[in-house]
Amino acid sequence: TDSFAIDDDTSSAQGHGTRIASIVAANATVTGIAPGANLVAIKTFDRDRSALVSDTIAAIDYCVANRSLFNVASISMSFGTSLLYSGACDSTSAYTAAVNAAVAANVTPVAATGNAGSTAGISEPACVTNVTSVGSTTKTFGMSAFSNRNGITDLVAPGSSITSLQRQGTASSSSGTSYSAPLVAGAVALLQQYKTFERGYPLSPSEVQNTLIS
């Protein structure tokens, strides 16, 4: 959601993070996919929508380090690079180690594929193998024209004309894979809660992804 710092100000500098958070857990004017979920809000982007890779990695590391304290089920990442990847980018991505550590700690990293309309490439960190990469569909389940997708895209979810909350608390509609990823992250939280109640322990990230795919 928007500059990584160790302080108490996690408010969204320009509103993108607010929209993402409401899609997961809003429970008033807008109802999120997991309205009872708690959020760990970490700001890594500034008002101009730029961030250091080291800050976003530090945010992932923070979630993993505090996984037990906050009961972290998933990490929702609605950001990406303009450089697109046709295959897995593990060998070159700075995110690979942090993502792998999250999966090892039973946390599911979810990332948007990007909005360049590519049918051959997706953004980083969505291209990392252990990230659940999410493209966008319309509400009638066609692919959104703007959505990046390719053979390593794991899932798609609605991202066209999604109603969410603005920073001021009013509801409005926006489109992008940024809004598909938190739908999946919220679904992961619901699935993990259900499976923990059902069998006494959660699914692994690979089981989560396979369940959502099937």
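Go through the chain and flag any cysteine with no other cysteine's C-beta closer than 4.7 Å, please.
Lone cysteines by the Cβ rule: Cys63.
When the helix-only estimate is applied to the chain (DSSP H runs of n ≥ 4, each -39,500 (n - 2.57), divided by the residue count), what is the mean residue ellipticity at 222 nm, nearest 500 deg cm²/dmol? Before the final figure, lay out each step's value.
Details: 6 runs with 68 residues, N = 214.
Calculated mean residue ellipticity at 222 nm is -9500 deg cm²/dmol.
What distance in nm separates the two pseudo spin-label positions at Ala105 and Leu52, each 7 Å out from Cα along the beta-carbon direction?
In this crude label model, Ala105 to Leu52 measures out at 2.0 nm.
Could you state how much accessible area Thr129 has, in square angstrom rounded to the nearest 10, with a 1.4 Å probe and all protein chains kept in place?
Approximately 80 Å² of Thr129 is accessible to the 1.4 Å probe.
Calculate the spin-label point distance for Thr140 paired with Thr29, positioning each point 7 Å from the Cα along the beta-carbon direction, and give it in nanometres.
Label-label distance for Thr29 and Thr140, simple model: 2.9 nm.
Picking from Ala58, Ala97, Thr138, whose Cα lies most toward the positive end of the charge dipole for the chain (charges on Cβ: Lys, Arg +1; Asp, Glu -1)?
Value: Thr138.
Name the shape class, rounded, prolate or oblate, that the alpha-carbon gyration tensor gives for region 141-214, where a ≥ b ≥ c are the square roots of its eigenvalues, rounded holds for a/c under 1.5, and otherwise prolate holds if a/b is larger than b/c and oblate otherwise.
Judged from the Cα gyration tensor, region 141-214 comes out oblate (a/c at least 1.5, b/c at or above a/b).
Quick one: how many Å² of Leu83 are accessible to a 1.4 Å probe, rounded to 10?
Taking all protein chains as shown, Leu83 has close to 110 Å².
Mind ranking Tyr95, Tyr85, Tyr194 by accessible surface for me, highest first, 1.4 Å probe?
The ranking, largest first, comes out as Tyr194, Tyr85, Tyr95.
Give the distance, in whole Å, between the Cα centre of region 80-159 and the Cα centre of region 162-202.
The distance from the Cα centre of region 80-159 to that of region 162-202 comes to 16 Å.
Under 1.5 on a/c is rounded, so check that first for the chain, then, if it is not, pick prolate when a/b is larger than b/c and oblate when it is not; a ≥ b ≥ c are the square roots of the alpha carbon gyration tensor eigenvalues.
Here the chain falls in the rounded category.
Treat every Asp and Glu Cβ in the chain as -1 and every Lys and Arg Cβ as +1, leave all other atoms uncharged, and give the resulting dipole magnitude about the Cα centre to the nearest 20 debye.
On the way: 10 positive and 13 negative charges, 109 e Å.
Its charge dipole is roughly 520 debye.
Based on the mean of other beta carbon atoms within 10 Å per residue, what is the order of 166-174, 66-74, most packed first?
Values: 166-174: 12.3, 66-74: 16.1.
Most protected by this proxy first, the peptides run 66-74, 166-174.
Using the Karplus equation 6.51 cos²θ - 1.76 cosθ + 1.60 (θ = phi - 60°), what ³J(HN,Hα) coupling, rounded to whole Hz, does each residue of region 192-208 give in order, writing x for Gly and Pro?
Going residue by residue, I get 5, 4, 4, 5, 5, 5, 5, 10, x, 7, x, 6, 7, x, 5, 5, 4 Hz, with x marking Gly and Pro.
Below 8 Å between Cα atoms, with a sequence gap of 6+, how large is the relative contact order for the chain in percent?
21 percent
Once you sort the root eigenvalues of the Cα gyration tensor of region 91-214 as a ≥ b ≥ c, which label holds: rounded (a/c under 1.5), prolate (a/b larger than b/c) or oblate (the other case)?
Oblate, because a/c is 1.5 or more while a/b does not exceed b/c.
The values are calculated or read from the model by the stated rules, or taken from the named source; none is laboratory data. Here the structure is a predicted model, which is why all the values come from computation and not from measurement. Virtual Cβ from ideal backbone geometry, glycine too; neighbours counted across all protein chains shown. These accessible areas exclude ligands, DNA and RNA; they are computed on the full protein's heavy atoms, side chains included. Shrake-Rupley method; radii C 1.70, N 1.55, O 1.52, S 1.80 Å.
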